[in-house]
Amino acid sequence: MKRTAFVLSCILVAAAAVAAPAQVDPSASARQISITVGGEASVFQPDFAGDWACGGKTCPPAFFYPLAEAANTPLIGPGAFVDVKFSRWVQLEGEARWLRFNRFEDIHEDNYLIGPRVPVYHFWKATLYGKGLVGFSRMDMGFGYHGSFTATAFGGGMDVKLNKRISVRAFDAEYQYWPVWGNSKLFPYGASAGVSYKIF
């Protein structure tokens, strides 16, 4: 009787030992996707002050091209972003920005970019992150001229959790590179701040 009880006890312990990893492993290895959406306000230096130049001695309209140079008037506008988290290190950010306010000579631009987002450092309720985005931007250059241009952006910022769902984007700095813009290249840069909501 004692031997039978001992054997049954050993079988139960062995079964529990085998079943425990089977129950714990799926939850430990499961990758739960989370999606966060947010809105922000941005201030950007467009790298275009409205000046145009001509490459030749005579300057018919077709030969004019815009000059890249720092503007005295920054552009201001709203933006939206979506963060998709696949795992701790695999994350994606998409953003759209409409810099339509504080115009000079009707110059304004819109950005539509997407790319990886990497959490660099976490402390307290804050997360520092870096990002590299690519997409296109549209610029209205005044006098009826406008165009869409390939754009890349590098930057980073800090998100601070207020609770389980809501976070504050304390700051987001971004440096853009437009490789083809008129006869030149363009380097807009700026900063944003906003609020986000974790859907799930």
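Between residues in the stretch 105-118 that are farther than 12 Å from Thr152 by Cβ and residues that are part of a loop (DSSP other than H, G, I, E, B) and small (Gly, Ala, Ser), which pairs lie under 8 Å by C-beta distance while being six or more apart or on different chains?
From the stretch 105-118, the pairs are Ile107/Ala71.
Just give me the residues in the stretch 89-118 being basic (Lys, Arg) and over 19 Å from Gly144 (Cα atoms), in sequence order.
Arg97, Arg117
Are any residues in the stretch 132-145 in contact (Cβ under 8 Å) with a residue 40 or more places away in the chain and within 11 Å of the chain's Cα centre (by Cα), and if so, which ones?
Of everything in the stretch 132-145, just one residue is in contact (Cβ under 8 Å) with a residue 40 or more places away in the chain and within 11 Å of the chain's Cα centre (by Cα), namely Leu133.
I'm trying to understand the selection: among the residues of the stretch 151-189, which are at pLDDT 95 or above and of a type in the set (Ser, Thr, Tyr)?
Thr152, Ser167, Tyr175, Tyr177, Tyr189
Only residues that are at pLDDT 90 or above, assigned to a loop (DSSP other than H, G, I, E, B) and under 30 Å from Asn163 (Cβ atoms): list them for the stretch 21-65, please.
Hit for the stretch 21-65 is Ile33, nothing else.
What tally of residues in the stretch 95-123 results from selecting those that are in a strand (DSSP E or B), charged (D, E, K, R) and touching a Ser or Thr at 6+ places or on another chain (Cβ under 9 Å)?
Result for the stretch 95-123: 4.
Only one of (1) in contact with a Ser or Thr (Cβ under 8 Å, 6 or more places away or on another chain); (2) at pLDDT 95 or above is not met by Phe200, so which one is it?
Unmet for Phe200, out of (1) in contact with a Ser or Thr (Cβ under 8 Å, 6 or more places away or on another chain); (2) at pLDDT 95 or above: (2).
The values are calculated or read from the model by the stated rules, or taken from the named source; none is laboratory data. This one's a predicted model, so the numbers in the text were calculated from it and none came from an experiment. Heads up, the Cβs are rebuilt from the backbone with ideal geometry, glycines too, and the neighbour counts pull from every protein chain shown.
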